[in-house]
Amino acid sequence: MRPQDLFDDLPPPEAAHTPIAPGAVLLRAGGRDGDVALLQAVEAVIAQAPLRHMQTPGGYTMSVATTSCGALGWVSDPQGYRYATHDPLSRQPWPAMPACLLALAQRAAAQAGYAHFQPEACLINQYLPGAKLSLHQDKDEKDLSAPIVSLSLGLPAVFLFGTPRRSDRPQPLRLVHGDVVVWGGPSRLAYHGVQPLADGAHGLLGRRRINLTFRCVGRGVV
Ligand code: MD3
Ligand code: FE
């Protein structure tokens, strides 16, 4: 047996930390350690602030179900998109951001070169088979110098990422359970979306995908 055969099961080292676009870094399995604690933390948030299908200002109902934790949560209704301190369903403050989730986001941001990442908001998106997210930019945040950190859990999805020009053709990227992406610099205002989720069954989450995005909203609320 050749010595390198011993390592055939491992991904090449560069796979753990892959630049995918200017300012965007993929950390494969960046969220996989502590799986169960992370999932319990997400489920605890959802128990307090249930997932719901928000209305868009354009009059559509999103196929993705959303909720939030942290000092601010993302809200969409016929009046527009915004960040709010309270959950409009319960009229209570959003649940606090669980420490294990904040720690994961801060560790990922630091690995990608962003020290002192202090997100006030964590948006939780749930995709059941068929759910999708149309191409959009995230620009409701005042602080565009901070990256957005995303964590994918459950079923794999085909993520589409373009550039800050809507007319540039987006590139597909398969995101799987445990993938963490730090979207900063020139990628912060890139157009992006998610193709309709393919059906399947994930060992821990079942027939769904959950995506967490950690955001610095930048309105001096914390
Ligand atoms: C690139 N969520 O919630 S996560 C969203 O999978 C959103 O649920 C997707 O887009 C999801 O707004 C994508 C990856 C992501 C999130 C924000 C970005 C990529 C981004 C902001 C700028 C550039
Ligand atoms: Fe987005």
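Values for this structure:
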item	result
The chain, relative contact order [Cα under 8 Å, separation at least 6], %	24
With every protein chain in place, the range 64-221: carbon and sulfur % of accessible area (1.4 Å)	55
Folded to 0 to 90 degrees: helix 99-111 orientation relative to the chain principal axis, Cα	60
The range 147-163 and the range 72-136: distance between their alpha carbon centers, rounded to Å	14
Kirkwood hydrodynamic radius (C-alpha pairs) into Stokes-Einstein, the chain, 20 °C and 1.002 mPa s, D in µm²/s	120
Residue-by-residue Karplus 3J(HN,Hα) for the range 169-180, coefficients 6.51, -1.76, 1.60, Hz, glycine and proline x	5, x, 9, x, 9, 7, 10, 10, 3, x, 6, 10
Extension reserve of the ALA103-LEU135 stretch, reckoned as 0.36 nm per residue once the Cα distance is removed	8.6 nm
Distance between modelled label sites at GLN118 and TYR81, nm, 7 Å Cα→Cβ extension	2.5
Two-decimal log10 I(q)/I(0) for the range 88-199, as the Debye equation yields it once each C-alpha is a single scatterer, q = 0.22 Å⁻¹	-1.41
Point-to-point label distance, ALA201-HIS17, nm (Cα→Cβ direction, 7 Å offset)	3.8
Angle between the chain longest axis and helix 35-48 axis [Cα atoms, degrees, rounded to 10]	10
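The values are calculated or read from the model by the stated rules, or taken from the named source; none is laboratory data. Just so it is clear, the structure is predicted and the values come from calculations on it, not from any experiment. When we count neighbours, we look across all protein chains shown, and the Cβ atoms used for this are built from the backbone with ideal geometry, even at glycine. Calculation scope for accessible area: heavy atoms of the full protein, side chains included, ligands and nucleic acids excluded. Shrake-Rupley method; radii C 1.70, N 1.55, O 1.52, S 1.80 Å.
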